[in-house]
1. Restricting the count to DSSP beta bridges whose residues both fall in the chain, what percent are antiparallel, rounded to a multiple of 5?
2. When all C-alpha to C-alpha distances in segment 82-153 are sorted into bins of 5 Å, what percent of pairs does each bin hold, rounded to whole numbers?
3. Can you give the relative contact order of the chain as a percent, counting alpha carbon pairs under 8 Å and 6+ residues apart?
4. Is any residue of segment 37-60 close enough, with backbone N under 17 Å, to a label point placed 7 angstrom from the Cα of F151 along the Cα-Cβ axis, and if so, which?
5. Within segment 109-124, list the residues whose amide N lies under 15 Å from a label point set 7 Å along Cα→Cβ of E92.
6. Only counting other Cβ atoms within 10 Å, I'd like S42, S51, S148 sorted with the fewest neighbours first.
7. Of W108, T9, S60, whose Cα points farthest to the positive end of the dipole of the chain (charges on the beta-carbon: +1 Lys, Arg; -1 Asp, Glu; origin at the Cα centre)?
8. What is the gain in length, in nm to one decimal, between A19 and L37 on full extension, counting 0.36 nm per residue of separation less the C-alpha to C-alpha distance?
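All of the numbers you see were taken from the coordinates with simple rules; none came from a lab. Predicted, not measured: the structure shown is a model, and the values here were computed from it. Note: ideal-geometry Cβ built from the backbone for every residue, glycine included; neighbour counts use all protein chains shown.
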Amino acid sequence: MFNIDIYTTSEAETTALGAKLSHIAQQGDCFALFGTLGMGKSVLARAFIQSACGDVDVPSPTFTLVQLYDAPDFCIYHFDLYRLKSAEEIFELGMEEALYEGVSLIEWPDKMGGYLPKSCARITITPQGAGRNINIQTSSPSLAERLSKEFCQ
């Protein structure tokens with residue numbers, strides 16, 4: 001089990017965190033981004049995608065529900081599930097393919113209910129003082145090892 005709290009005080013620090021996460025990502029990884037509106041989920045996801053794919057335009061997938069990006073080693077699936085009416089709708093979005101064949105960034109993962117993989121990295125962003133506390137947890141041994149090397153040395 002991996003569990004770390006990271007405190008950020010600016011959008012630039014959240015952007016740097018997203019870039020760091022992209023450097024350790026591997027095919028099959030899932031990053032579930034929890035937090036209320038305005039906490040920085042999209043900022044983190046955009047930084048992750050741009051770090052992995054170069055300076056690409058990263059619109060919010062609020063209306064399309066999913067955007068795909070080609071990184072050198074995998075495809076990134078950026079989901080925004082805010083408008084989902086039921087958890088079963090994820091299957092219409094290609095979620096199964098994304099979880100096995102690419103790297104998934106999921107905003108509003110609570111909308112998936114019990115379908116959210118237990119081994120995903122749970123990234124919870126909450127307000128704290130003048131900044132944000134970003135908690136990262138995973139039970140995936142492989143992802144925990146990579147996160148530990150990146151953030152605990």
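1. Here the share of antiparallel DSSP bridges comes out near 60 percent.
2. Histogramming segment 82-153 at 5 Å steps yields 3, 13, 20, 22, 18, 13, 8, 3, 0 percent.
3. 35
4. What the label zone holds, given the 17 Å backbone N cut-off, is 40-49.
5. Under cut-off, by backbone N: 112.
6. Details: S42 23, S51 19, S148 13.
Result, fewest neighbours first: S148, S51, S42.
7. T9
8. 4.4 nm
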